[in-house]
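Report on the structure given below.
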Amino acid sequence: MNVAKPVPMLDLKPQLEGLREPLEKALLEVLRSGHFILGPNVAAFEREFAEFLGVADTVGLASGTDALVIGLRTLGIGPNDEVITTPFTFFATAEAILAVGATPVFVDIDPETYCIDPAAVERAITPRTRALLPVHLFGHPAELDPLLALADAHGLEILEDVAQAAGATYRGRKVGTFGAASAFSFYPSKNLGALGDAGLLATDRPDVAAHARRLRTHGQEGRYMHTEVGYTARLDEIQAALLRVKLPHVDPWNAGRRRVAEAYDKALRDVRGVTVPTTRPGNVHAFHQYTIRIGDGKRESVVEALASAGIASVVYYPHPLHRMRPFQPNDYSLPEAERAASEVLSLPLWPELPDDTAAHIGAVIASALRV
Ligand SMILES: *Cc1c(COP(=O)(O)O)cnc(C)c1O
């Protein structure tokens, strides 16, 4: 009989308990201040996050999706424009492209990192291509150097989707500092999570930051003077105050995630039928997810073995985007994205997950594949 405690995908309790006092204090201060929209906490968080990242400016927004939509708008992307992106990501990445009236163009992924394949990007460039939208999926940086070279050669903008990779670095520099702009999500389960919905756009370009500030407040240029259609998409004071408490902990939390990943690697590296995640040289992985690949149609039996041991696991993502109705009809053939969707499995991961729990989960997987 199995008497071990159930293991969820994510346990936020350790970080919330550890920061309970400062979080409650921050919350109460906003409550007592009576200042809920675009107050001192949003301004301070924007400065602090810009410093954390190493960019000139950031604009606090209501969600990561708003950051993608507003990011595309500030880069001038709209109807008749094509934006090249990955089909193996959360829906919001390409949803944002449709939301601004542009056309998402999907290209295949690198089977090792699950991020967009730069060679495939190059083949997909047309005269209508205006931007590239790489995703640093699961916390691993997309291969940015060749993408930057392509953008340079063809006059394209790059909007980075950094929703899963706050704190990851590419050749010694944080991701989210390479493109013309980059979109962050602070959805509660992300590496830096708010206690509700929140997001941010980061940029070195003053015109992009100023435009994003107008768009988040109904395209307002001066007091009650609206010069274009915008959104209600501001980061709110309460979330900003809570995020300010958490921000200094992101790097140590990411180090905790890498420690858990190492414990999983140790348990799973030599298990036949399992491919552990790759970290390309020169990168620091933020391990938003620890995602393994299970070949030969055996994923379902591993999921079942984990479930009967009380261990959660999730398939991110079971359907590549080109298979979904908003992007159809199409005749894409994207075999690596399809294969990833049928083979990947993400395992429980949070910074405080004990090494012996990771080892136990690895052992359950190994024994499921041995039978
Ligand atoms: C979470 C996520 C988003 C959307 O962020 P929200 O804050 O939920 O709107 C976009 N892209 C990716 C890759 C994500 O993981």
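The values are calculated or read from the model by the stated rules, or taken from the named source; none is laboratory data. Everything numeric in this text was worked out from a predicted model, so none of it was measured. Cβ: placed from backbone, ideal geometry, glycine included. Neighbour counts: every protein chain shown. In case anyone asks, the SASA skips ligands and DNA or RNA and just uses the protein heavy atoms, side chains included. Shrake-Rupley method; radii C 1.70, N 1.55, O 1.52, S 1.80 Å.
Packing around the peptides 340-347, 85-92, taken as the average count of other Cβ atoms within 10 Å per residue, puts them in this order, highest first: 85-92, 340-347.
In this structure Lys174 has an accessible area near 40 Å², from a 1.4 Å probe over the protein heavy atoms.
Taking each DSSP H run with n ≥ 4 as -39500 (n - 2.57) and averaging over every residue of the chain yields -12000 deg cm²/dmol at 222 nm.
The listed peptides 141-153, 104-116, 327-339, ordered by packing as a protection proxy, come out as 104-116, 141-153, 327-339 (highest mean of other Cβ atoms within 10 Å first). For the peptides 66-74, 121-129, the ranking by mean Cβ contacts within 10 Å, running from highest to lowest, is 66-74, 121-129. Take the Cβ-Cβ distance between Val371 and Glu48 as r, set R0 to 41 Å, and report the resulting FRET efficiency rounded to the nearest 0.05. With a Förster radius of 41 Å, E is 0.20.
Test of understanding: what is the full-extension gain from Ser342 to Glu29, defined as 0.36 nm times their sequence separation minus their Cα-Cα distance? Spell out each step's value before the answer.
Numbers: separation 313, 0.36 × 313 = 112.68 nm, distance 4.78 nm.
Extra length from Ser342 to Glu29 when fully extended: 107.9 nm.
Counting only residues at least eight positions apart within a chain, or on another chain, the lysines with an alpha carbon under 27 Å from that of Lys298 are Lys5, Lys266. What a 1.4 Å probe finds exposed on segment 233-371 is 52% carbon and sulfur by accessible area, rounded to a whole percent.
Rg over Rh for the chain works out to 0.98, both radii taken from alpha-carbon positions and Rh defined as the Kirkwood radius. Taking label positions 7 Å along the Cα-Cβ direction at both Thr278 and Ala255, the computed distance is 2.8 nm, reported to one decimal.
For a straight C-alpha distance cut-off of 20 angstrom, the lysines reachable from Lys25 (same-chain residues fewer than eight places away being disregarded) are Lys13, Lys246.
The spread of Cα positions in segment 2-124, taken along each principal axis and listed from longest to shortest, comes to 53, 51, 26 Å. Summing Cβ point charges (Lys, Arg +1; Asp, Glu -1) relative to the Cα centre of the chain gives a dipole of roughly 480 debye. Potential lengthening of the chain between Glu228 and Glu304 amounts to 22.2 nm, from the contour at 0.36 nm per residue minus the alpha-carbon distance.
Take the Cα pairs of segment 249-370, get the Kirkwood Rh, then feed it into Stokes-Einstein at 20 °C and 1.002 mPa s and tell me D in µm²/s.
Translational D for this selection: 138 µm²/s.
The length gained on full extension between Leu19 and Asn330, counted as 0.36 nm times the residue separation minus their Cα-Cα distance, comes to 107.2 nm. Short-range pairs are left out: with C-alpha atoms under 8 Å and at least six residues apart, the relative contact order of segment 96-243 is 13 percent.
Taking only the C-alpha atoms of segment 120-196, Rg followed by Dmax gives 13.3, 43 Å.
Relative contact order, whole percent, for the chain stands at 22, derived from Cα pairs under 8 Å and 6 or more residues apart.
Here r is the Cβ-Cβ distance between Leu10 and Ala363 and R0 is 22 Å; the resulting FRET efficiency, rounded to 0.05, is 0.55.
Accessible surface computed residue by residue for segment 13-247, with neighbouring protein chains in place and a 1.4 Å probe, gives 39 Å² per residue.
Carbon and sulfur atoms: what percent of the 1.4 Å accessible area of segment 107-214 do they account for?
Numbers: 1760 of 3470 Å².
C and S fraction of accessible area: 51 percent.
Amide H contacts for Cys115 (H built 1.01 Å from N in the peptide plane; partners 5 or more residues away or on another chain; cut-off under 5 Å): Asp110.
Looking only at the chain, where both bridge partners belong to it, what percent of the DSSP beta bridges are antiparallel (to the nearest 5)?
On the way: 26 of 41 bridges.
Just about 65 percent of them are antiparallel.
Each Cα pair under 8 Å and six or more residues apart adds its sequence gap; the mean of these over the residue count of segment 249-370 is a relative contact order of 40 percent. Segment 331-371 and segment 8-35 have Cα centres separated by 31 Å.
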